Amino acid sequence: MKNLFLLLVSISLFFFSSMSDATNFTASGWKKHLEMRGKFYGQAARSIPEPVQVFLSDQELEIYFLLNVGKVVINLEKDGESLYWHEVDTTTERQIVTDLSTFESGVYFLKIINDEGDCLIGKFIR
């Protein structure tokens with residue numbers, strides 16, 4: 001009986017931890033995990049399936065580099081126009097927080113591009 005209980009708990013934890021559309025509550029309020037499509041093919045990026053994690057709240061976009069993936073460019077676009085551009089060296093910067101409070105409603109594309117031209121793309125509605 002104990003083994004069955006442990007199995008059910010393990011399956012439940014796996015199911016809830018693997019949900020890609022997770023929403024978390026933090027001290028600053030609710031934030032949603034933004035799914036990024038694409039891959040970085042560098043040696044370091046192969047050691048973890050998702051070397052970059054992005055979270056979105058009403059006011060902020062948070063980008064976390066879980067590994068050193070070298071130099072990247074962060075580009076935020078709406079209607080094909082670049083509204084935010086930032087170059088990051090992930091050897092020293094592992095967290096980028098962007099204030100979205102002044103951004104208008106609409107569909108946005110977040111692009112994170114490394115030196116080799118590999119690209120991660122996420123889409124969100126504000």
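Overview of values
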| read-out | value |
| --- | --- |
| Segment 101-124 - residue that is under 15 Å from the mean Cα position of the chain (by Cα) and under 15 Å from Q59 (Cβ atoms) and, of those, surrounded by the fewest Cβ atoms within 10 Å (Cβ to Cβ) | F124 |
| Failed condition for V72, given (1) of a type outside the set (G, A, S); (2) surrounded by 15 or more Cβ atoms within 10 Å (Cβ to Cβ); (3) farther than 18 Å from K39 by Cα | (3) |
| Residues (farther than 18 Å from E50 by Cα and in contact (Cβ under 8 Å) with a residue 60 or more places away in the chain) located in segment 94-126 | F124 |
| Unmet requirement for F40, which otherwise passes all of (1) outside any loop (DSSP other than H, G, I, E, B); (2) modelled with pLDDT under 95 | (1) |
| V52 being among the β-branched types (V, I, T), surrounded by 11 or more Cβ atoms within 10 Å (Cβ to Cβ) and touching a residue at least 60 places away in the same chain (Cβ under 8 Å) | yes |
| Pairs, first over 20 Å from K123 (Cβ atoms) in segment 68-93, second among the aromatic types (F, W, Y) and not in a strand (DSSP E or B), C-beta under 7 Å, six or more apart | V69/F40 |
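The values are calculated or read from the model by the stated rules, or taken from the named source; none is laboratory data. Here the structure is a predicted model, which is why all the values come from computation and not from measurement. All Cβ positions, glycine included, derive from the backbone under ideal geometry; neighbour counts span all protein chains shown.
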